[in-house]
Every structure is written in C-alpha cells, then in structure tokens.
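Colleague: What follows is a single structure, and I will ask about it in a moment.
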Amino acid sequence: MRMTKYKLQLVKDSGTNYGGKDFQISNPDDLYNLLCDVCDLDKQAEEVLILICLDSKNKVIGIHEVSRGIVNMSFACGREIFKRAILNNAAKIMLAHNHPSGNSTPSEEDKKTAKLVKEAGELLDINLIENMVVGDNEYCSFKRIGELWCSLKNVKSVNYAIFIWTDIAMD
C-alpha cells in the first residue's frame with residue numbers, strides 16, 4: 001500500500017521594518033496605523049480582509065491577506081482565518097477589513113462574522129481580541145464599541161471566567 005507523506009509549512013512572503021523589533025499592538029490606534037502603513041487598507045478599491053496574528057504579549061508575528069472581495073463585500077471563512085493563525089502559532093488574532101465607501105460603520109454581516117470567528121477561536125484557544133472596519137481617515141473598533149464580548153457559555157468556574165477576560169484584554 002502506497003502512503004503519501006505531507007509536509008505543512010508557512011512560507012514567508014515578504015518582510016518589512018515597522019515599529020521596532022518587537023512591535024506590539026496595545027490599542028486600536030496602533031492597529032489602524034499598521035493597517036494603513038503596511039497593508040494600505042485605507043486605499044483599497046475592494047474589500048480586503050486582513051488577519052493579524054499575535055503572540056501572548058500582543059507582538060505581531062504575522063500579517064495575512066485572507067481574502068479580497070468586491071466593492072461592497074469580502075468572503076470570510078473561519079477555516080481560512082484559523083489555518084493561517086495556527087501556522088503562525090498565534091495566541092491571539094485581530095481581524096480588519098475596509099469599506100471602500102469610506103464609511104467605517106460595521107454592517108450586521110460584519111457583526112455576525114465577528115461573533116462566529118470569536119466563538120470558533122474560543123474552541124481553538126486563539127482569541128479574537130479586535131475586529132476593525134477601516135474607512136476614509138476613520139475606523140470602527142469592535143472592542144471600543146462593545147461588539148467583542150467574553151463568552152461565558154461554557155465556563156464552569158468564576159476563576160476561569162476571570163482568566164478568559166484578562167486573557168483577551170488588550171494592554
């Protein structure tokens with residue numbers, strides 16, 4: 001019987017110097033500046049979904065373009081998001097996409113997608129700590145507007161609930 005052996009690896013596409021050796025994202029402004037400076041997310045003509053992979057100290061360890069859509073929509077699939085996060089050995093992730101219209105107000109679909117990704121991440125112990133919509137010279141941080149919550153549906157003790165909450169907090 002012939003067996004096929006596979007090898008899974010992450011291949012570095014390109015690198016850029018940004019914010020020093022151990023650049024950490026500590027607030028939504030840091031994320032917005034990174035997205036505009038490195039990914040040109042504020043200049044895209046179609047919706048683009050970006051994944052930022054972080055270690056446990058919020059140090060950026062990977063940036064991925066997950067999908068490129070059309071003028072008012074981009075495809076987001078949990079499998080594609082978490083495949084990249086797992087390959088980067090991410091402890092936390094941040095998602096961002098642009099609205100080419102310039103209006104950074106999240107749609108109901110944006111909110112539903114964030115909720116699904118957050119729940120999937122909880123199963124994998126890869127926490128979604130931010131989801132951002134980028135518009136013209138503005139952004140909407142889901143963390144700031146309270147759209148990212150701590151899910152306690154499967155928590156069995158108060159100590160564990162406190163651990164989850166502090167684990168997803170951005171320093």
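The values are calculated or read from the model by the stated rules, or taken from the named source; none is laboratory data. What you see is a predicted model, and the numbers here were worked out from it, not measured in a lab. We place every Cβ from the backbone using ideal geometry, glycine too, and count neighbours over all the protein chains shown. Ligands, DNA and RNA are stripped out before the accessible areas are found, and what is left, the full protein with its side chains, is counted by its heavy atoms. Shrake-Rupley method; radii C 1.70, N 1.55, O 1.52, S 1.80 Å.
Colleague: Which one is surrounded by the most Cβ atoms within 10 Å (Cβ to Cβ) among residues in region 30-47 that are over 12 Å from the mean Cα position of the chain (by Cα) and among the aliphatic types (A, V, I, L, M)?
Modeller: Going through the qualifying residues, I end up with LEU41.
Colleague: Kindly indicate whether any position in region 142-153 is at pLDDT below 85 and open to solvent by 90 Å² or more (accessible area, probe 1.4 Å).
Modeller: The answer is yes; a qualifying residue exists.
Colleague: Give the residue that is most open to solvent (accessible area, probe 1.4 Å), with candidates limited to residues of region 66-82 that are out of contact with any helix residue (DSSP H, G or I) (no Cβ under 6 Å at 6 or more places or on another chain) and part of a loop (DSSP other than H, G, I, E, B).
Modeller: The extreme case among them is PHE75.
Colleague: Test ALA85 against the stated conditions and say whether it is at pLDDT 90 or above and either over 15 Å from the mean Cα position of the chain (by Cα) or not in a helix (DSSP H, G or I) (or both).
Modeller: Considered against the rule, which asks whether it is at pLDDT 90 or above and either over 15 Å from the mean Cα position of the chain (by Cα) or not in a helix (DSSP H, G or I) (or both), ALA85 comes out as no.
Colleague: Right, another one. Any idea how many residues of region 83-101 are farther than 13 Å from ILE52 by Cβ and open to solvent by less than 10 Å² (accessible area, probe 1.4 Å)?
Modeller: The total comes to 1.
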